[in-house]
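K.L.:
Pasting a structure below so you can have a look.
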Amino acid sequence: MQYAHITGWGKSVPPATLTNDDLATFMDTTDEWIKTRTGISKRNISHVNTSEMASVAAKHALAAAGIDGSELDLIILATASPDTLIPNIASTVQANIGATCAAFDINAACSGFLYGVGLASSMIKSGQNKKVLIIGAERLSFYLDWSRRETAVLFGDGAGAIVLEASETPGGILGYELNNDPEGRHILQSNFGTQMDRFDSESLDFYIHINGQEVFKRAIHGMGNLSAKVLEKCNTNIDDVDFVIPHQANERIIDTLVTRMKIPKEKAFVNIADYGNTSAATIPIAICDALAQGRIVAGQTILSCAFGAGLTSAALLLKWGERTTPIKTSDAELPPCDKTALEMIKPAVDHFFSKVENKET
């Protein structure tokens, strides 16, 4: 039997940082207001396309695994903010890393990365694939209406990636559960898509909107329910979980989730303060940070869970292998950025606030 082990990991975060104090220069908010409600202190704004961040993260993951892009059997890229819908941006990453395999995008919003890992592990366990690259990458700043505080303070840009490889050593991905709650699909959405009237300029004012209270309630239920299911499927007790890597949407959600699951808070990894919610990228970025901080150690049993628009949810249980350091490193990086985050978002800020002023007059 083949087992699917994580052998490589990498991330890519844009250099331009937008702090809570920066947001307070153009909207009615404060650093304290944002921190106490979300746990977020800053987020990154990208000056490049989603595929470029994804490609850099992929190169670091491949180096960490000690393999070349040409050795991959499959690329799965989770994103809700691709550069292009046609073609998929997995093909762009594929070209950038020299791969010659199958490649496709999936959109399960913030759960997308875990959806991808689950699918990839099944492909490996079935014998279909040996080496799979899974990427979570987002440029959610593209979707933001900066006059809407309820969403503008939450999201950031970034990418993370892992390599899954077949091995005869037991462990790796032990099990996963995926679900979707279509009754809640309207509480977190953007109207971008073919439903838009492409000849009406008003249709270009698409943005993410969210019912925060409903998302909070359903997120905790979705992640908690699937986490319990995957633990039961894998015959694992919650006390045997060494480390939890949850989706980084809101620190309050994470705190409530682990409390209800009776998991000690110190077992849960939280890095939302530095990135905000990067949707499909939060978990792979968290894996990279947890490894860099020595929080992930050989042989750990790790639970990861996520929720997102749809409303999607996912949970995955894995046994980490023996290696927690890269085999090789990559010098891949994003090009320099000659603007601050505030400068980059200014056209969008001016646009949306001018619409608010026009409506008021």
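K.L.:
From the C-alpha gyration tensor of the stretch 114-261, pull out the three semi-axes of the equivalent ellipsoid (sqrt of 5λ each), sorted largest to smallest, in whole Å.
P.N.:
33, 21, 14
K.L.:
A follow-up question, please. For the chain, modelled as a Gaussian network with Cα springs under 10 Å, which listed residue fluctuates most, LYS35, LYS339, LYS11?
P.N.:
Maximum fluctuation in the GNM of the chain, among the listed residues, is at LYS339.
K.L.:
Can I ask one more? Going from most exposed to least, what order do HIS221, HIS209 have by accessible area with a 1.4 Å probe?
P.N.:
Greatest to least solvent exposure: HIS221, HIS209.
K.L.:
May I ask for the angle, rounded to the nearest 10°, between helix 251-260 and the longest principal axis of the chain, with both axes built from Cα atoms and the value confined to 0 to 90°?
P.N.:
40
K.L.:
Tell me, what ³J(HN,Hα) does each residue in the stretch 101-109 have, in order and in whole Hz, if you take phi through Karplus 6.51 cos²θ - 1.76 cosθ + 1.60 with θ = phi - 60° and put x for Gly and Pro?
P.N.:
So the J values, rounded to whole Hz, are 10, 5, 8, 8, 9, 10, 10, 10, 6.
K.L.:
Here's another thing I want to ask about it. Return the sequence-ordered ³J(HN,Hα) values of the stretch 30-42 in whole Hz as given by the Karplus equation 6.51 cos²θ - 1.76 cosθ + 1.60 applied to θ = phi - 60°, using x for Gly and Pro.
P.N.:
9, 4, 5, 4, 5, 4, 5, 9, 10, x, 8, 10, 7
K.L.:
Of the residues MET223, MET53, MET261, which exhibits the maximal mean-square fluctuation in a Gaussian network model of the chain defined by a 10 Å Cα contact cut-off?
P.N.:
The residue that fluctuates most here is MET261.
K.L.:
So how strong a dipole does the chain carry about its Cα centre when Lys and Arg Cβ are +1 and Asp and Glu Cβ are -1, to the nearest 20 debye?
P.N.:
840
K.L.:
Just for the stretch 228-361, what percent of DSSP beta bridges are antiparallel, to the closest 5?
P.N.:
Once the DSSP bridges in the stretch 228-361 are tallied, antiparallel ones form about 60 percent.
K.L.:
Moving on to the next point. Could I have the simple spin-label model distance between ASP242 and PHE104, label points 7 Å from Cα toward Cβ, reported in nm to one decimal?
P.N.:
That separation, rounded to one decimal, is 3.5 nm.
K.L.:
May I pose another question? Using 10 Å bins from zero, what percent of all Cα-Cα pairs in the stretch 96-162 falls into each bin?
P.N.:
P(r) for the stretch 96-162, in whole percents per bin: 17, 41, 25, 13, 4.
K.L.:
Okay, moving on. How compact and how long is the chain, expressed as Rg and Dmax of its alpha-carbon atoms in Å?
P.N.:
19.6, 68
K.L.:
Further question: Are there trypsin sites (Lys or Arg not before Pro) in the stretch 111-209 that DSSP puts in a loop and that have at most 12 other Cβ atoms within 10 Å, and which ones?
P.N.:
Within the stretch 111-209, the qualifying trypsin sites (Lys or Arg not before Pro) (loop, at most 12 other Cβ atoms within 10 Å) are ARG198.
K.L.:
If the cut-off is a Cα-Cα distance under 27 Å, which lysines reach LYS35, setting aside same-chain residues fewer than 8 apart in sequence?
P.N.:
Cα-Cα hits under 27 Å: LYS11, LYS217, LYS262, LYS265, LYS267, LYS339, LYS346.
K.L.:
Using helices alone, what [θ] at 222 nm do you get for the chain, with -39,500 (n - 2.57) per DSSP H run of 4 or more residues, divided over all residues and rounded to the nearest 500?
P.N.:
Calculated at 222 nm, the ellipticity per residue is -10000 deg cm²/dmol.
K.L.:
Further, regarding this structure: With a 1.4 Å probe and every protein chain left in place, work out the accessible area per residue of the chain in Å², rounded to a whole number.
P.N.:
Counting only protein heavy atoms, the per-residue value for the chain is 44 Å².
K.L.:
While we're on this one: Find the all-direction average of the projected area of the Cα convex hull for the stretch 6-76, expressing the result in square nanometres with one decimal place.
P.N.:
6.7
K.L.:
With everything on Cα atoms, drop me the angle between helix 282-292 and the longest principal axis of the chain, reported from 0 to 90° to the nearest 10.
P.N.:
Long axis of 282-292 versus the principal axis of the chain: about 60 degrees.
K.L.:
Normalised radius of gyration for the stretch 255-342, please: alpha carbon Rg relative to 2.2 N^0.38 Å, two decimal places.
P.N.:
1.31
K.L.:
Restricting everything to alpha-carbon atoms, can you work out Rg to Rh for the stretch 13-148 with a Kirkwood hydrodynamic radius?
P.N.:
1.06
K.L.:
What are the extents of the Cα atoms of the stretch 168-254 along their three principal axes, listed from largest to smallest and rounded to whole Å?
P.N.:
For the stretch 168-254, the Cα spread along each principal axis is 56, 34, 22 Å.
K.L.:
Count the DSSP beta bridges whose two residues both fall in the stretch 56-196, then state the antiparallel fraction as a percent rounded to the nearest 5.
P.N.:
If we restrict to bridges inside the stretch 56-196, about 45 percent are antiparallel.
The values are calculated or read from the model by the stated rules, or taken from the named source; none is laboratory data. Keep in mind that what you see is a predicted model, and the values were worked out from it rather than measured. As a convention, Cβ positions derive from the backbone with ideal geometry for all residues, glycine included, and neighbour counts pool all protein chains shown. Just so you know, the surface numbers come from the protein's heavy atoms only, side chains and all, with ligands and any DNA or RNA stripped out. Shrake-Rupley method; radii C 1.70, N 1.55, O 1.52, S 1.80 Å.
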